[in-house]
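Q: Dropping a structure here in structure tokens format, bear with me for questions.
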Amino acid sequence: MKELVILSGKGGTGKTTITAAFASLAKNMVMCDADVDAADLHLILDPDFKQSTDFVGGHEAVINPDMCTQCGRCIEVCKFDAVRDTFEIDSIACEGCGVCVDLCPEQAIDFPETICGQWYISGTRFGPMVHARLGIAQENSGKLVALVRQEAKKMATQNNLDLILTDGPPGIGCPVIAAIGQASAILIIAEPTVSGFHDMERVGELARHFNIPAMVCINKYDLNPDQTKRIEDLAQKTHIAIAGKISFDQTFTESMIQAKTIFEYDKNSQASIEIQKVWDTIVSLPEFNTPVNNIMQHL
């Protein structure tokens, strides 16, 4: 079983639409949307929800008024000003650290688990899919990312599937780290801009830190040939394989409006032809086919 994680240094680079296009081409695989903060792969794949499970990802302090003596200790120790003068907890301000719970002399503060979102197992026209939705302003996105990837691997193992195709979160923070642990390889979607260059540089450094093979695909490469050349030079310098380049094509936008992959909308478009070449290159590159040994354990 292999896992390809598609990443980008920021949102809006075309990561999800390219992932959906790959889903049209891949065989015997399960899809995983690990961008739990802003999941949108389902907008194109139109999943048939088969199983929904609450995600319990933290705790929230709750003051028991029958036991509280209003001594003010919780107000003193809370660094987030989450305890109101009425000795009620502001659920939005509470970070779930538990300090007030531990230091309350009357043990008047409960600390129940909170539901932070939901994760789903669905069917799509391309195969099974594991995805999730983190609640608004909720924490522990990294934990939810780890959970959906774990469930995707479990499904792949049970059904003898060869590939996990993961739409990863943008950036280089905790959710991204949780998304790449034990992956076979990552594909960085880069745009030919100054910020796109530096975003790719940061994701590449992260991949090297965790010893994960990395490849890059330059999306809309023809909009800025100079920046495209800079990205290619950086890839060569940092030993990141170039999986290919995709030109700007309005067909991408038109296909998204119709909730279709670009192959379903127009398989003869220029972008479709180029994505097919990128996919063929990925599955043949040693970066994708060489076993990875020194990978961090999954968070």
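Q: Are there any pairs with C-beta distances below 7 angstrom linking a residue in the stretch 244-255 that is touching a residue at least 40 places away in the same chain (Cβ under 8 Å) and more than 17 Å from Pro225 (Cβ to Cβ) to a residue that is surrounded by 15 or more Cβ atoms within 10 Å (Cβ to Cβ) and of a type in the set (A, V, I, L, M), with the two at least 6 apart or on different chains, and if so which?
A: Pairs found: Phe252/Ile262; Phe252/Ala271; Ser255/Ile262.
Q: With Asp46, Asp35, Asp54 as the choices, which residue is on the phi > 0 side of the Ramachandran plot and acidic (Asp, Glu)?
A: From the options Asp46, Asp35, Asp54, the qualifying one is Asp46.
Conditions (1) closer than 15 Å to Gly58 by Cβ; (2) outside any loop (DSSP other than H, G, I, E, B), marked per residue:
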| position | (1), (2) |
| --- | --- |
| Ile136 | yes, no |
| Glu139 | yes, no |
| Gly142 | yes, yes |
| Ala146 | yes, yes |
| Ala152 | no, yes |
| Asn160 | no, no |
| Ile164 | no, yes |
| Asp167 | no, yes |
| Ile177 | no, yes |
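Q: So which residues in the stretch 141-151 are modelled with pLDDT under 95 and either loosely packed, with under 13 Cβ neighbours inside 10 Å or charged (D, E, K, R) (or both), if there are any at all?
A: Hit for the stretch 141-151 is Lys143, nothing else.
Q: Please count how many residues of the stretch 9-26 are surrounded by fewer than 22 Cβ atoms within 10 Å (Cβ to Cβ) and modelled with pLDDT under 90.
A: 3
Q: Counting just the residues of the stretch 280-299 that are surrounded by 19 or more Cβ atoms within 10 Å (Cβ to Cβ) and out of contact with any Ser or Thr (no Cβ under 8 Å at 6 or more places or on another chain), which one comes out modelled with the highest pLDDT?
A: Ile282
Q: Still on this structure, please answer the following. When only residues in the stretch 179-194 that are assigned to a helix (DSSP H, G or I) and not small (Gly, Ala, Ser) count, which is surrounded by the most Cβ atoms within 10 Å (Cβ to Cβ)?
A: Only one residue fits best here, namely Ile180.
Each row is one residue, and each column tells you yes or no for (1) surrounded by 14 or more Cβ atoms within 10 Å (Cβ to Cβ); (2) at pLDDT 95 or above; (3) part of a loop (DSSP other than H, G, I, E, B); (4) within 24 Å of the chain's Cα centre (by Cα).
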position: Met215; (1), (2), (3), (4): yes, yes, no, yes
position: Thr228; (1), (2), (3), (4): yes, yes, no, no
position: Ala235; (1), (2), (3), (4): yes, yes, no, yes
position: Ala243; (1), (2), (3), (4): yes, yes, no, yes
position: Thr251; (1), (2), (3), (4): yes, no, no, no
position: Phe263; (1), (2), (3), (4): yes, yes, no, yes
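Q: Just to be sure I understand, how many residues within the stretch 51-76 are in contact (Cβ under 8 Å) with a residue 60 or more places away in the chain and more than 26 Å from the chain's Cα centre (by Cα)?
A: Within the stretch 51-76, residues that are in contact (Cβ under 8 Å) with a residue 60 or more places away in the chain and more than 26 Å from the chain's Cα centre (by Cα) number 0.
Conditions tested, residue by residue: (1) crowded, with 16+ Cβ neighbours inside 10 Å; (2) within 26 Å of Thr13 (Cα to Cα).
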| site | (1), (2) |
| --- | --- |
| Asp35 | yes, yes |
| Gly57 | yes, no |
| Cys71 | no, no |
| Ile75 | no, no |
| Asp85 | no, no |
| Ser122 | yes, yes |
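Q: Hey, another quick one. Quick check on this structure: which one of Lys154, Lys79 is free of Cβ contacts under 8 Å to residues at least 12 places away in the same chain, of a type outside the set (Asp, Glu) and surrounded by fewer than 18 Cβ atoms within 10 Å (Cβ to Cβ)?
A: Lys154
A quick yes/no check of all residues on (1) farther than 29 Å from Val176 by Cα; (2) of a type in the set (Phe, Trp, Tyr); (3) touching a helix residue (DSSP H, G or I) at 6+ places or on another chain (Cβ under 9 Å):
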{"position": "Met29", "(1), (2), (3)": "no, no, yes"}
{"position": "Asp33", "(1), (2), (3)": "no, no, yes"}
{"position": "Asp40", "(1), (2), (3)": "no, no, yes"}
{"position": "Asp48", "(1), (2), (3)": "no, no, no"}
{"position": "Gln51", "(1), (2), (3)": "no, no, no"}
{"position": "Asn64", "(1), (2), (3)": "yes, no, no"}
{"position": "Met67", "(1), (2), (3)": "yes, no, no"}
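The values are calculated or read from the model by the stated rules, or taken from the named source; none is laboratory data. Predicted, not measured: the structure shown is a model, and the values here were computed from it. Here Cβ is always computed from backbone atoms with ideal geometry, including for glycine, and neighbour counts include all displayed protein chains.
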